[in-house]
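Peer 1: This structure is in structure tokens; I'll ask about it shortly.
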Amino acid sequence: MDQGLRLLMQLVLEFTPVIVTLIQKRTAETLTTTNYQFPKVIQEFIQTASITPEQNSSVAGFAQQKLLQQQLAVFQRETQLQIANQERETVLKLPEVYKIFDSWPLRLYPSQILESHTSYKRIPLKIFLAPPQVKFDQFDYETQDNSQIELMLAEGLREFVHKHYSLQNSIRPTELLAGAWDSKRFHSESSIKALFGMLKTEPILILESEHDGDYLNLRMAYWGLGQENYYYKTIFRLPYKEILHESAKNRALNWQKIRDELILLGEDLAEINHLGKDNILNLAILEKAEKWQDNGIDISQLSLQYQVNHQDLEKLCQVLITCHCLVAAWVADAYHLVHHDVQPLLPEVLPSLLKDTFDLQSVQDPLRVYATGYQQVYQALEQERRYWVPELALQLAQSLSHLPDRSWAQSQVDYSVKTWLQLRQVSLQEFANPLEAMQSAIKIEDEAYLEKLKTYFTTVTDRQSILDVEKLLDAIAHLKHQHTLASPGLCYTITGHSGKVASVAISPDGEMLISGCTDKTINVWNLHTSEQIRTLSGHKGEISSLTVSPDGNFLAVGSCEHPRSNVKVWHLKTGKLLHTLLGHQKPVNVVAISPDGQILASGSNKIKIWHLHKGDRICTLWHSSAVHAVAISPNGKILASGSFDSKIRLWNPHTGDPLRTLNGHDDEVNSIAISPDGQLLFSGSADTTIKIWHLITGKLLHTLSGHSDAVKSIAISPDAQTLFSASGDTTIKIWHLATGEVRQTLTGHSGTVNTLSLSPDGKFLASGSSDRTIKIWQI
């Protein structure tokens with residue numbers, strides 16, 4: 001069996017459980033985000049700062065200030081004591097640090113390694129190479145120098161990494177630090193432990209080879225981001241002496257053919273033997289070995305010394321390069337998949353990597369393990385990234401499609417299609433086969449997946465499946481034609497306001513449109529006829545934001561009254577004012593109601609949480625600058641807010657506890673939306689971009705660029721497939737989220753489009769603009 005595939009099989013068997021455990025641990029940690037507790041001193045400060053104006057009498061305020069100063073003094077003393085203890089610990093650890101450097105295996109200092117990734121958006125995986133020290137004294141070979149092996153191995157791995165995992169690649173940045181390892185002095189656990197102690201914050205892979213008799217022990221050490229310990233193990237024993245001897249024997253057999261041809265041409269035998277050099281001796285040993293073996297002698301018990309030359313060394317180096325490239329690729333794929341949500345690349349490059357030594361009949365076992373290992377990783381990812389699995393499994397199937405045994409590839413295709421159907425909640429019971437079942441849930445955005453599916457079935461010559469997929473593609477072509485005929489178009493324009501339209505909302509039953517304007521009025525319209533139903537008056541300031549409760553009974557309105565802005569809650573159907581909520585000292589920029597209709601959030605320079613029905617204040621969330629956007633997750637456990645300082649903050653709206661801060665925008669955040677399944681958060685900013693985040697982990701997944709001015713408002717379709725964005729560039733863009741591409745740009749407004757609202761069935765979009773108009777679009 002090919003040595004590289006033996007190694008791959010052993011690596012996947014040993015290392016897959018490590019990656020799966022890491023994924024499961026990370027998932028468990030992220031699911032407890034909402035239970036995060038801040039240090040006691042911060043909690044006490046928040047309680048101290050949460051004094052209402054009614055509580056802040058002159059006496060109470062003096063007492064509170066005195067208590068606060070006393071607590072501050074205690075805190076300063078405790079901080080000074082902690083600093084002194086830290087300095088003492090540093091001094092005590094200096095001898096330990098010097099001792100670590102006695103075992104330091106690198107020619108680079110820790111500071112050089114720690115500072116090397118500061119200019120990259122993603123932390124690169126660093127690869128160190130500890131090359132083997134081959135004992136050449138057991139071979140009849142002219143050199144005793146290992147530098148040639150080290151140089152050839154480093155160059156081969158460098159070429160592979162640069163081609164597929166380049167440090168300049170923004171998707172899978174990987175840095176090979178060849179030559180950094182002091183290979184003559186350090187090996188094994190002590191060096192790995194010294195490295196981990198200093199560099200545990202950096203993702204690192206160490207590929208180490210050590211001579212052990214007739215074998216080279218290939219070991220790997222690895223730790224990723226946030227790992228509490230390192231993985232270090234011998235993953236393969238490479239019979240390097242056997243490889244060198246096999247190469248020498250093959251050279252001898254090739255020479256035998258050339259020698260016989262020269263003899264037939266009448267060339268002098270002595271001259272021919274002179275040209276043969278070490279092949280003469282190797283051929284003689286080989287012929288003796290075959291003779292002895294034919295006579296029943298176990299030649300494995302004999303020490304046959306073939307003469308080795310540079311060609312055999314190059315063959316050994318090629319095997320070593322292949323093995324090191326396989327390990328580097330598999331680990332790099334695992335690292336970038338877990339930490340950066342990047343699809344694996346090894347399934348795509350594996351055939352070309354092994355093309356010179358690929359024996360299809362001998363690789364069944366390692367490829368089965370290889371496929372099973374990837375599937376285990378994908379299954380571990382299902383909870384947080386299940387939407388990825390169909391594409392990932394199909395990619396894996398394509399890499400296995402060239403095998404004579406098609407069962408491994410087919411099992412991945414079955415897994416891919418099965419997950420695709422599960423994501424769309426399609427049962428197989430009513431259909432003859434999975435491809436037929438896909439017909440009931442197919443959408444235009446599935447075209448790319450189906451094209452890949454067709455490519456796979458074409459590769460394996462599955463004609464019936466090709467026909468089935470072509471039917472699905474025909475159905476998509478029909479949907480695209482219908483989509484073209486029913487492209488979003490302007491239904492009508494409403495011109496009843498005398499100022500900038502700041503906010504619009506469509507009622508949950510899809511019958512009414514409510515608009516708020518800087519002319520201090522709120523108008524209620526019939527969505528389908530544009531007829532005005534009523535006007536709600538009583539606001540003394542400009543209307544900034546409004547929202548409707550999920551049951552359609554309540555309308556909450558934020559305004560910019562001075563000196564005390566307020567939030568008013570109206571009964572939508574009767575137009576009766578129910579509550580006026582006081583407490584904000586600055587303009588109320590945004591209001592939002594939770595999906596369960598129980599709480600109301602209003603944002604100015606801080607966010608106040610109210611009981612919607614009673615009008616009581618529940619808690620206050622403290623911001624350092626103006627809040628422009630608020631959204632509450634479907635389960636009501638997370639409130640996301642965007643502010644003037646370009647940050648997005650996540651909170652527990654019931655307790656007021658801060659959960660996480662998302663950084664990524666370069667200007668103020670104007671709008672936020674959360675996907676219906678509560679997995680994704682979308683943010684629109686004055687930096688002209690829209691960013692997509694994983695709500696639970698806070699990871700930035702994608703950035704949409706296309707607007708030429710500030711993004712003012714965003715809305716997500718009920719099926720979470722389409723995003724709508726409004727901008728200061730006077731346009732509305734419709735985005736296909738699966739690809740990140742703009743499907744269509746709606747034009748018609750002559751001023752900034754400030755606000756969007758999508759009907760619950762996703763068929764109508766309302767837009768409000770600084771041009772004083774409201775436009776209704778049919779989607």
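Peer 1: Conditions first: (1) in contact with a His (Cβ under 9 Å, 6 or more places away or on another chain); (2) surrounded by fewer than 17 Cβ atoms within 10 Å (Cβ to Cβ). Ser683 passes all but one, so which condition is the exception?
Peer 2: (2)
Condition check ((1) in contact with a Ser or Thr (Cβ under 8 Å, 6 or more places away or on another chain); (2) closer than 29 Å to Ser604 by Cβ; (3) open to solvent by 10 Å² or more (accessible area, probe 1.4 Å)) across all residues:
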position	(1), (2), (3)
Asp677	no, no, yes
His702	no, no, yes
Ile714	yes, yes, yes
Val753	yes, yes, no
Ala766	yes, yes, no
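Peer 1: Given the criterion touching a Phe, Trp or Tyr at 6+ places or on another chain (Cβ under 8 Å) and of a type in the set (Gly, Ala, Ser), identify the matching residue among Gly296, Gly276.
Peer 2: The unique qualifying residue is Gly276.
Peer 1: So for the range 322-336 (the condition being touching a helix residue (DSSP H, G or I) at 6+ places or on another chain (Cβ under 9 Å), at pLDDT 85 or above and more than 30 Å from Tyr387 (Cβ to Cβ)), does at least one residue qualify?
Peer 2: Looking through the range 322-336, at least one residue is touching a helix residue (DSSP H, G or I) at 6+ places or on another chain (Cβ under 9 Å), at pLDDT 85 or above and more than 30 Å from Tyr387 (Cβ to Cβ).
Peer 1: Any idea which of (1) free of Cβ contacts under 8 Å to residues at least 12 places away in the same chain; (2) surrounded by 14 or more Cβ atoms within 10 Å (Cβ to Cβ); (3) within 32 Å of the chain's Cα centre (by Cα) is the one Asp446 doesn't satisfy?
Peer 2: Status for Asp446: all satisfied but (1).
Peer 1: Which of the strands (runs of 3 or more DSSP E) found entirely inside the range 452-552 contain at least 1 residues meeting this: closer than 19 Å to Leu572 by Cα and open to solvent by 60 Å² or more (accessible area, probe 1.4 Å)?
Peer 2: Where strands (runs of 3 or more DSSP E) fall fully within the range 452-552 and carry at least 1 residues being closer than 19 Å to Leu572 by Cα and open to solvent by 60 Å² or more (accessible area, probe 1.4 Å), they are 532-536.
Peer 1: Among the residues of the range 616-633, is any among the polar types (S, T, N, Q), open to solvent by less than 40 Å² (accessible area, probe 1.4 Å), within 21 Å of Glu668 (Cα to Cα) and touching a residue at least 24 places away in the same chain (Cβ under 8 Å)?
Peer 2: No; the residues of the range 616-633 include none that is among the polar types (S, T, N, Q), open to solvent by less than 40 Å² (accessible area, probe 1.4 Å), within 21 Å of Glu668 (Cα to Cα) and touching a residue at least 24 places away in the same chain (Cβ under 8 Å).
Peer 1: Could you list, in sequence order, all residues of the range 427-436 that are surrounded by 13 or more Cβ atoms within 10 Å (Cβ to Cβ), hydrophobic (A, V, I, L, M, F, W, C) and more than 30 Å from the chain's Cα centre (by Cα)?
Peer 2: Scanning the range 427-436 gives Leu428, Phe431.
Peer 1: Please go through the range 210-239 and give me each residue that is touching a residue at least 60 places away in the same chain (Cβ under 8 Å), open to solvent by 20 Å² or more (accessible area, probe 1.4 Å) and under 19 Å from Val20 (Cβ atoms), ordered by number.
Peer 2: Within the range 210-239, Leu225, Gly226, Gln227, Tyr231, Lys233 meet the criteria.
Peer 1: Checking the structure you have, find out if any residue of the range 675-684 is among the aromatic types (Phe, Trp, Tyr) and free of Cβ contacts under 8 Å to residues at least 40 places away in the same chain.
Peer 2: No: the range 675-684 contains no residue that is among the aromatic types (Phe, Trp, Tyr) and free of Cβ contacts under 8 Å to residues at least 40 places away in the same chain.
Peer 1: Given the residues His707, His749, which is the only one that is surrounded by 19 or more Cβ atoms within 10 Å (Cβ to Cβ), free of Cβ contacts under 8 Å to residues at least 40 places away in the same chain, farther than 30 Å from Tyr449 by Cβ and more than 23 Å from the chain's Cα centre (by Cα)?
Peer 2: Selected residue: His749, the only one of His707, His749 that is surrounded by 19 or more Cβ atoms within 10 Å (Cβ to Cβ), free of Cβ contacts under 8 Å to residues at least 40 places away in the same chain, farther than 30 Å from Tyr449 by Cβ and more than 23 Å from the chain's Cα centre (by Cα).
Peer 1: While we're here: Given the conditions (1) in contact with a Ser or Thr (Cβ under 7 Å, 6 or more places away or on another chain); (2) closer than 19 Å to Asp509 by Cα; (3) surrounded by fewer than 15 Cβ atoms within 10 Å (Cβ to Cβ), and given that Ala556 satisfies all but one, which numbered condition is not satisfied?
Peer 2: Going through (1) in contact with a Ser or Thr (Cβ under 7 Å, 6 or more places away or on another chain); (2) closer than 19 Å to Asp509 by Cα; (3) surrounded by fewer than 15 Cβ atoms within 10 Å (Cβ to Cβ) one by one, Ala556 breaks only (3).
Peer 1: Next question. Looking at (1) more than 30 Å from Leu695 (Cα to Cα); (2) in a helix (DSSP H, G or I); (3) modelled with pLDDT under 75, which is the only condition Gly373 fails?
Peer 2: With (1) more than 30 Å from Leu695 (Cα to Cα); (2) in a helix (DSSP H, G or I); (3) modelled with pLDDT under 75 applied to Gly373, the lone miss is (1).
Peer 1: Check Glu348, Glu384 and return the single one that is open to solvent by 10 Å² or more (accessible area, probe 1.4 Å), assigned to a helix (DSSP H, G or I), of a type outside the set (A, V, I, L, M, F, W, C) and at pLDDT below 70.
Peer 2: Glu384
Peer 1: Mind telling me which of the residues Ser247, Ser300 ends up being of a type in the set (Gly, Ala, Ser) and either touching a residue at least 40 places away in the same chain (Cβ under 8 Å) or within 30 Å of Ser188 (Cβ to Cβ) (or both)?
Peer 2: Ser247
Peer 1: Looking only at residues that are β-branched (Val, Ile, Thr) and part of a loop (DSSP other than H, G, I, E, B) in the range 730-764, which one is farthest from His628 (Cα to Cα)?
Peer 2: Thr739
Peer 1: Does at least one position in the range 148-167 carry a residue that is out of contact with any Pro (no Cβ under 9 Å at 6 or more places or on another chain), modelled with pLDDT under 80 and surrounded by fewer than 20 Cβ atoms within 10 Å (Cβ to Cβ)?
Peer 2: The answer is yes; a qualifying residue exists.
Peer 1: Could you please tell me which pairs satisfy a Cβ distance under 8 Å, a separation of 6+ or placement on different chains, a first residue in the range 713-736 that is touching a residue at least 60 places away in the same chain (Cβ under 8 Å) and over 13 Å from Ile692 (Cα atoms), and a second residue that is among the β-branched types (Val, Ile, Thr) and part of a strand (DSSP E or B)?
Peer 2: Partner pairs satisfying both residue conditions: Ile734/Thr722; Ile734/Val742; Ile734/Thr745.
Peer 1: Continuing with the same structure: Would you call Asn250 open to solvent by 20 Å² or more (accessible area, probe 1.4 Å), closer than 30 Å to Ala130 by Cα, among the polar types (S, T, N, Q) and not in a helix (DSSP H, G or I)?
Peer 2: It is false that Asn250 is open to solvent by 20 Å² or more (accessible area, probe 1.4 Å), closer than 30 Å to Ala130 by Cα, among the polar types (S, T, N, Q) and not in a helix (DSSP H, G or I).
Peer 1: Could you please give the count of residues in the range 189-209 that are surrounded by fewer than 15 Cβ atoms within 10 Å (Cβ to Cβ), of a type in the set (S, T, N, Q) and either modelled with pLDDT of 80 or more or touching a Phe, Trp or Tyr at 6+ places or on another chain (Cβ under 9 Å) (or both)?
Peer 2: Count: 1.
Peer 1: May I pose another question? Regarding the range 295-304, can at least one residue be identified that is surrounded by fewer than 13 Cβ atoms within 10 Å (Cβ to Cβ) and farther than 27 Å from Tyr215 by Cβ?
Peer 2: yes
Peer 1: Please return the ranges of strands (runs of 3 or more DSSP E) entirely within the range 559-620 where 2 or more residues are under 41 Å from the mean Cα position of the chain (by Cα) and over 14 Å from Leu546 (Cβ atoms).
Peer 2: 606-611
Peer 1: Considering only the range 769-779, how many residues are open to solvent by less than 20 Å² (accessible area, probe 1.4 Å) and under 35 Å from the mean Cα position of the chain (by Cα)?
Peer 2: So the count comes out to 1.
The values are calculated or read from the model by the stated rules, or taken from the named source; none is laboratory data. Quick caveat, the model's predicted, so the values are computed rather than measured. In this analysis, Cβ positions are derived from the backbone assuming ideal geometry, glycine residues included, and neighbour counts consider all displayed protein chains. Just so you know, the surface numbers come from the protein's heavy atoms only, side chains and all, with ligands and any DNA or RNA stripped out. Shrake-Rupley method; radii C 1.70, N 1.55, O 1.52, S 1.80 Å.
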